[in-house]
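Data block below; observations after.
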Amino acid sequence: MSASNSRRAALMGRAPQHLPGSVRTYLFLSVVIAFSAFPLYWMFVIATNTDEALAKIPPQVLPGGQLVTNLREVFSMQDVFFLQSLGNSVIVSTVVTASVLFFCSLAGFAFAKLRFKGRNALMVMVILTMTVPNQLGVVALYILMGRMPGEGGWNGTLLAVIVPGLVSAFGVFYMRQFILDAVPDELVEAARMDGASTMRIFWSVVVPAVRPAMAVLGLLTFVATWNEFQWPLITLGGTDYPTSMVALSDLASGNYVLYRRVLAGALVATLPLLVMLFIGGRQIVRGIMEGAVKS
């Protein structure tokens, strides 16, 4: 009896030691989240206020009631077609994401499970392309797009933004690594013995097994494509309907910048990303955790 009482007393005396550590951890994470979310909140505050509120000292920290007015000004500007630019971003991001998911998962399956001559050498070349900065190929890409079929080539059209991003080296490498662990070789061989073709194995065996990885890759690709600025600015900067990031730069140009307009447009352009991250957040965590467990 005395032994059990002493054990209970020891456990009761040990429990409070764990509580401060957990409290400090949650406090630290709360501070990090607050600092990370503050720019979004400040963007919302400025987008809902007037120019007079922005000039106040100390600055305005509470949302105002001018959001609808500011958004109406953004969407009604004659020199910046912001609504059409948002539509272009939706088209480009959706097409590029769907293409990357298909081609990268298919290439990852080929590199991971198919045996062909030069497989390792080709994979090394794919990895090496990730070490080359995109800025180095901008001039060559612009010349190449200008020589494509059509009057004046593809520069100034959405094809110039979509086609270069249809497949990514990172996506191929990422899907290859995931498929290596997620799809056993025995499962592929069993499907072949049952008479399944290579594409049937890909659709019926590989794709269901790598859906978490495809969700992560799709979200990362959509966000990266939506936020792409340099190349759309180069090839679409002189057109009336660029992507949303280029339209935001047009809002911020000029001798006198109305930041309430700029950040109202930025708020609208950020909402699709927040929705995508909110919907696919669990898939990101699931894909990362599955990769960590398999490794």
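Points to keep in mind about this one:
- Scanning the stretch 99-125 for residues that are open to solvent by 20 Å² or more (accessible area, probe 1.4 Å), in contact (Cβ under 8 Å) with a residue 60 or more places away in the chain and of a type in the set (Gly, Ala, Ser) gives a single hit, Ala107.
- Yes/no for Ile234 being over 18 Å from Phe81 (Cα atoms) and assigned to a helix (DSSP H, G or I): no
- Test: residue in the stretch 77-86 that is under 21 Å from Thr225 (Cα atoms), without any contact (Cβ under 8 Å) to a residue 24 or more places away in the chain and part of a helix (DSSP H, G or I): yes
Conditions (1) assigned to a helix (DSSP H, G or I); (2) modelled with pLDDT under 90; (3) among the polar types (S, T, N, Q); (4) surrounded by fewer than 18 Cβ atoms within 10 Å (Cβ to Cβ), marked per residue:
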| residue | (1), (2), (3), (4) |
| --- | --- |
| Leu29 | yes, yes, no, yes |
| Pro58 | no, yes, no, yes |
| Val74 | yes, no, no, no |
| Ile91 | yes, no, no, yes |
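Results for (1) assigned by the TED database to the domain that holds Ala264; (2) at pLDDT below 80, shown as yes or no for each residue.
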{"site": "Ala34", "(1), (2)": "no, no"}
{"site": "Thr48", "(1), (2)": "no, no"}
{"site": "Ala53", "(1), (2)": "no, yes"}
{"site": "Met77", "(1), (2)": "yes, no"}
{"site": "Leu83", "(1), (2)": "yes, no"}
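- Single unsatisfied condition, Trp226 versus (1) under 17 Å from Leu114 (Cα atoms); (2) touching a Pro at 6+ places or on another chain (Cβ under 9 Å): (1)
- Taking residues in the stretch 244-255 that are among the charged types (D, E, K, R), and partners anywhere that are surrounded by 21 or more Cβ atoms within 10 Å (Cβ to Cβ), the pairs with Cβ atoms closer than 9 Å and at least 6 places apart or on different chains are Asp250/Val80; Asp250/Phe82; Asp250/Ser85; Asp250/Pro242.
- Within this structure, Leu19 passes the test of being open to solvent by 80 Å² or more (accessible area, probe 1.4 Å) and at pLDDT below 85.
- Flag for Asp240 being of a type in the set (D, E, K, R) and part of a loop (DSSP other than H, G, I, E, B): yes
- In a residue-by-residue description of the stretch 149-158, the property of being polar (S, T, N, Q), open to solvent by less than 50 Å² (accessible area, probe 1.4 Å) and more than 23 Å from the chain's Cα centre (by Cα) applies to at least one position.
Residues are listed down the side, and each one gets a yes or a no for (1) open to solvent by less than 30 Å² (accessible area, probe 1.4 Å); (2) on the phi > 0 side of the Ramachandran plot; (3) outside the structural domain of Leu273 (by the TED database); (4) free of Cβ contacts under 8 Å to residues at least 40 places away in the same chain:
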{"site": "Leu187", "(1), (2), (3), (4)": "no, no, no, yes"}
{"site": "Ala190", "(1), (2), (3), (4)": "no, no, no, yes"}
{"site": "Met193", "(1), (2), (3), (4)": "no, no, no, yes"}
{"site": "Val206", "(1), (2), (3), (4)": "yes, no, no, no"}
{"site": "Val216", "(1), (2), (3), (4)": "yes, no, no, no"}
{"site": "Ala224", "(1), (2), (3), (4)": "no, no, no, yes"}
{"site": "Ile234", "(1), (2), (3), (4)": "no, no, no, no"}
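- Meets criteria (in the same structural domain as Thr94 (by the TED database) and surrounded by 15 or more Cβ atoms within 10 Å (Cβ to Cβ)) for Glu228: yes
- Val246 being assigned to a helix (DSSP H, G or I) and of a type in the set (A, V, I, L, M, F, W, C): yes
- Checking Val139 against (1) assigned to a helix (DSSP H, G or I); (2) within 30 Å of Val210 (Cβ to Cβ), the condition it does not meet: (2)
- Residue count, the stretch 20-47 (criterion: farther than 30 Å from Gln66 by Cβ and either touching a residue at least 12 places away in the same chain (Cβ under 8 Å) or small (Gly, Ala, Ser) (or both)): 3
The values are calculated or read from the model by the stated rules, or taken from the named source; none is laboratory data. If you're wondering where the values come from, they're calculated on a predicted model, not measured in any experiment. Positions of Cβ are generated from backbone atoms using ideal geometry, with glycine treated the same way; all protein chains shown enter the neighbour counts. Side chains included, ligands, DNA and RNA excluded: accessible areas come from the protein's heavy atoms. Shrake-Rupley method; radii C 1.70, N 1.55, O 1.52, S 1.80 Å.
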